[in-house]
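Notes follow the structure.
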Amino acid sequence: MSGRRLRAGLLGLLWAAAARTLAGPAAPDAFAVNRTLSPGINYGNVFDADPPEGWGLAAKAGDFAVMAAAGFKAVRLPVRWDAKALAQPPYTLDPAFLARVDSMVRAAQAAGLGVVLDFHHFNGLYNDPDGQAPRFLGIWRQLSAHYRAYPPTLLFEILNEPHARLGPERWNALYPRALALIRADNPDRTVLIDPADWGGVHGLAALRLPPGDRHIILSFHDYAPFHFTHQGASWVGGDSKAWLGTRWDGGFAETEALRADFSQVRAYADRAGVPVNLGEYGAISLADRASRLRWTAAMGRLCAQAGFSRFYWEFKAQGFGAYDEKAGRWRGDLKDAIVSPHDFVSNSDF
Ligand code: BGC
């Protein structure tokens, strides 16, 4: 090698090292981020209500300090963005609403919590994916640009529970378009992706995750057995009243049924090389209390054993809420069942 080429090579190496120093350390990959999220909780029934100022509960910045003090590490903010975006291109988001969400994101981060910002309940898209895709992408284009300078403790979830006409094939085609928009502004931000079929275990087999992106977490939801967790739930239809009285005793067969679901998720994630988040789980307050506590604790234990991060559904509200807003205190035994065990054990033998 000539002296000149050697000098040029050395200069190149120095330059690359300086550029790395200026850019700061490489962003943590999704596995490292996922290990910081448990236990997590959903800030449901606030910005996901329809419209958010309809039946939605009040957004209170102080709620995040309450969560952090109880041992929570992260919060998922479900937001019904489509209710606050214009119908025509460029689908402008209502700036006042965006500012309200921002102030909550900042408050959560100031309380030391990781934040998953989730696009929730886009019913128009579930029912008319082809017609509403431009609006979905137009909203993500804005969100991606808007949050680009936020710290990496802000995570995006592309869409809650794709279902109805947004089946696996359409979803496999649509989410990469949103991800590409996100990556243009947020190359290293951690992004959560749900499978179709309501984010459930059964939608997983058909989900194709993007190859080569180190910042993806697979997120799924699990309310099994549904007749137990949703007994009496008004929003699931007439039959749910007939399920009242269903218990969950935590016996071998019951626990193994849950474990079998988790094993499927774990096997899929191992093949895909991604970490896993359980984005929603919870049992309704109409279930008997002992069963509810047993199930909630069992889910937390299974998550810890499988190496999944977890977000309980939900913080406040009557249905599943762990925090009694009127009384200003946690439903203590339920909160304990969610928070404990809070160790994060990745067990490759799971
Ligand atoms: C929905 C909530 C519902 C919960 C449990 C969530 O995905 O957004 O409205 O209470 O699931 O069914």
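All but one of (1) within 16 Å of the ligand (Cβ to nearest atom); (2) in contact with a helix residue (DSSP H, G or I) (Cβ under 6 Å, 6 or more places away or on another chain); (3) of a type in the set (Lys, Arg) hold for Arg80, so report the exception by its number. Going through (1) within 16 Å of the ligand (Cβ to nearest atom); (2) in contact with a helix residue (DSSP H, G or I) (Cβ under 6 Å, 6 or more places away or on another chain); (3) of a type in the set (Lys, Arg) one by one, Arg80 breaks only (2). Pro90 satisfies every condition listed in (1) more than 16 Å from the ligand (Cβ to nearest atom); (2) within 23 Å of Val191 (Cα to Cα) except (2). Scan the range 85-119 for residues that are among the charged types (D, E, K, R) and farther than 13 Å from Ala61 by Cα and the total you get is 2. Scan the range 101-118 and give yes if some residue there is more than 19 Å from the chain's Cα centre (by Cα) and either among the aromatic types (Phe, Trp, Tyr) or buried (at least 20 other Cβ atoms within 10 Å of the Cβ) (or both), otherwise no. Checked the range 101-118: no residue is more than 19 Å from the chain's Cα centre (by Cα) and either among the aromatic types (Phe, Trp, Tyr) or buried (at least 20 other Cβ atoms within 10 Å of the Cβ) (or both).
Selection over the range 65-117 of residues that are part of a helix (DSSP H, G or I), over 30 Å from Asp336 (Cα atoms) and in contact (Cβ under 8 Å) with a residue 12 or more places away in the chain gives a count of 7. A single entry from Gly212, Gly232 fulfils the requirement of being surrounded by fewer than 18 Cβ atoms within 10 Å (Cβ to Cβ) and within 30 Å of Asp185 (Cβ to Cβ): Gly212.
Take the range 48-64 and flag every residue that is assigned to a loop (DSSP other than H, G, I, E, B), free of Cβ contacts under 8 Å to residues at least 60 places away in the same chain and buried (at least 18 other Cβ atoms within 10 Å of the Cβ). Lay out the reasoning, then the answer.
First, the residues of the range 48-64 that are assigned to a loop (DSSP other than H, G, I, E, B): 48-62.
Next, only the ones that are free of Cβ contacts under 8 Å to residues at least 60 places away in the same chain stay: 49, 51-56, 58-62.
If the condition is that a residue be assigned to a loop (DSSP other than H, G, I, E, B), free of Cβ contacts under 8 Å to residues at least 60 places away in the same chain and buried (at least 18 other Cβ atoms within 10 Å of the Cβ), then Ala49, Pro52 are the ones that fit.
Identify the residue in the range 35-45 that is more than 11 Å from Lys73 (Cα to Cα) and surrounded by 24 or more Cβ atoms within 10 Å (Cβ to Cβ) and, among all such residues, is nearest to the ligand (Cβ to nearest atom). It would help to see each step written out before you state the result.
If we filter the range 35-45 for residues that are more than 11 Å from Lys73 (Cα to Cα), which is where we start, we get 42-45.
With surrounded by 24 or more Cβ atoms within 10 Å (Cβ to Cβ) added as a condition, the list becomes 42-44.
On the way: Asn42: 8, Tyr43: 11, Gly44: 6 Å.
Here the residue is Gly44.
Within the range 203-232, being away from the ligand (no atom under 16 Å from the Cβ) and not aliphatic (A, V, I, L, M) holds for Arg208, Pro210, Pro211, Gly212, Asp213, Arg214, His215.
Each reported figure results from applying straightforward, stated rules to the coordinates on display, with no laboratory input. If you're wondering where the values come from, they're calculated on a predicted model, not measured in any experiment. Positions of Cβ are backbone-derived with ideal geometry, glycine not excepted, and every protein chain shown enters the neighbour counts.
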